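To start, the structure under review is shown below, and the notes come after it.
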Amino acid sequence: MKFFKKRMKQFISLICALAVLTPYNLNVSANDDVKIIESENSERLDELHVELSNLIFIDDEQLKEKEKERILEEMVSLGAEILTQEQVNRKLPVSQRVSYPSTTSSVTWTSRRTVVLKYGVNYEVQVITAVPTSTSSSLSKSVTKTTIKSSSQLISAGALKIFDYAANAAISSISGFTGTAISLYQLAGDVFSSSQMVSNVEATYTGTVGTQVKFCYVKKNGESDNNQQLSFRANAATTSVNSVIPSFKCSGNGSLGCTANNIDTKVNSTHKSKEFDNVYNNAIDNFRKGTSTYSSAGTITLKGAQGKTVTSFTASMPSHMGQIY
């Protein structure tokens, strides 16, 4: 019995010693979160893609080309690659390839590769992004000229919404403003107070919508691109809508300025699908399952005074890159 107890103590001591000497991670078996091993300046590249998508709203062609050159030059310096239509075609089956020459394309294609650790395996995720840089692109839509007029009933300038975006499947934001709605008071600036009562406010809207689309190709790190699988897609719509408001009726104190010059303002907004900024989890999980899914911003609606619809559009979500021009 004494011999047995002595051997047990020796065995326990040995186990404790091995536990101290052996490196371990209590979360390894349960950890399915992604860990970026090699990140090619992702945050700045995402910002540059937004800048690139905003070029579609510039009418001055010389300025547009100058800005495009600047953006692409910085993208390349950060590790991204600018793809030609021919390079995009090589990713596609013959039946999906397009014949649009790269010199006349209305789309800019970019590529970045990131090594990601998930489930204890290193995967390489190549994200190819299509960004429309011309209104003739299949990823661009126009906002039909629409006029919305508020009722004859008085309402405060702070409560009257001129821009109000609604989207069930998207994460929306308006450049320069908090939230997804802008009141007449916010749009006009310092013309009058938020409590100023107004009525019969008429706003005319025109604009453009552009959608950038991410195509995620996955393979195990170190393998040939022949083993890549298109496993995930995500999109984000950007809009530039101009609103012109002529003079309108005011009531009560503080009405000075209500009949001043027209309010003519351009408002830019972004509507990202819920997984647009986090594609790696879905891309790798789908690759492991041998499936392919997508995350779309869906339908976005812009409303004006009294909740009247200005425009409603669905963000483009092509099933493969060959559907884009």
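The values are calculated or read from the model by the stated rules, or taken from the named source; none is laboratory data. Not measured: the values here are computed from a predicted model. In this analysis, Cβ positions are derived from the backbone assuming ideal geometry, glycine residues included, and neighbour counts consider all displayed protein chains. Accessible surface is based on the protein model in full, side chains and every heavy atom, while ligands, DNA and RNA are left aside. Shrake-Rupley method; radii C 1.70, N 1.55, O 1.52, S 1.80 Å.
So, in region 287-325, exactly how many residues are outside any strand (DSSP E or B), more than 21 Å from the chain's Cα centre (by Cα) and surrounded by 17 or more Cβ atoms within 10 Å (Cβ to Cβ)?
The qualifying residues number 3.
Matching residues to (1) in a strand (DSSP E or B); (2) over 30 Å from residue 36 (Cα atoms):
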residue	(1), (2)
127	yes, no
131	yes, no
135	no, yes
145	yes, yes
164	yes, yes
171	yes, no
176	no, yes
210	yes, no
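Residue by residue through region 75-86, note down the ones that are more than 21 Å from residue 238 (Cα to Cα) and part of a helix (DSSP H, G or I).
Hits for region 75-86 are 76, 77, 85, 86.
Quickly run through region 184-211 and pick out the residues that are open to solvent by 10 Å² or more (accessible area, probe 1.4 Å) and either of a type in the set (Gly, Ala, Ser) or closer than 19 Å to residue 294 by Cβ (or both).
188, 189, 193, 194, 195, 207
Can you tell me which residue among 240, 152, 193 is assigned to a loop (DSSP other than H, G, I, E, B), under 21 Å from residue 262 (Cβ atoms) and touching a residue at least 60 places away in the same chain (Cβ under 8 Å)? Working first, answer last.
Details: 240 fails: assigned to a loop (DSSP other than H, G, I, E, B); 152 fails: touching a residue at least 60 places away in the same chain (Cβ under 8 Å).
Going through 240, 152, 193 in turn, just one is assigned to a loop (DSSP other than H, G, I, E, B), under 21 Å from residue 262 (Cβ atoms) and touching a residue at least 60 places away in the same chain (Cβ under 8 Å): 193.
State yes or no: is residue 60 open to solvent by 20 Å² or more (accessible area, probe 1.4 Å) and over 24 Å from the mean Cα position of the chain (by Cα)? Before the answer, list the steps.
Values: open to solvent by 20 Å² or more (accessible area, probe 1.4 Å): yes; over 24 Å from the mean Cα position of the chain (by Cα): yes.
Here the answer is yes, as residue 60 does meet what is asked.
Scan region 241-269 for residues that are surrounded by fewer than 20 Cβ atoms within 10 Å (Cβ to Cβ), modelled with pLDDT of 90 or more and not hydrophobic (A, V, I, L, M, F, W, C) and report the count.
Residues meeting the conditions: 5.
Within the set of pairs 6+ apart or on separate chains, which have a first residue in region 47-64 that is of a type in the set (D, E, K, R) and outside any helix (DSSP H, G or I), a second that is modelled with pLDDT of 90 or more and open to solvent by 50 Å² or more (accessible area, probe 1.4 Å), and C-beta atoms under 6 Å apart?
Nothing qualifies.
Pairs needed: first member in region 303-325, within 25 Å of residue 88 (Cβ to Cβ) and free of Cβ contacts under 8 Å to residues at least 60 places away in the same chain; second member anywhere, open to solvent by less than 10 Å² (accessible area, probe 1.4 Å) and of a type outside the set (Lys, Arg); C-beta distance under 9 Å; at least 6 residues apart or different chains.
314/237; 314/297; 314/300
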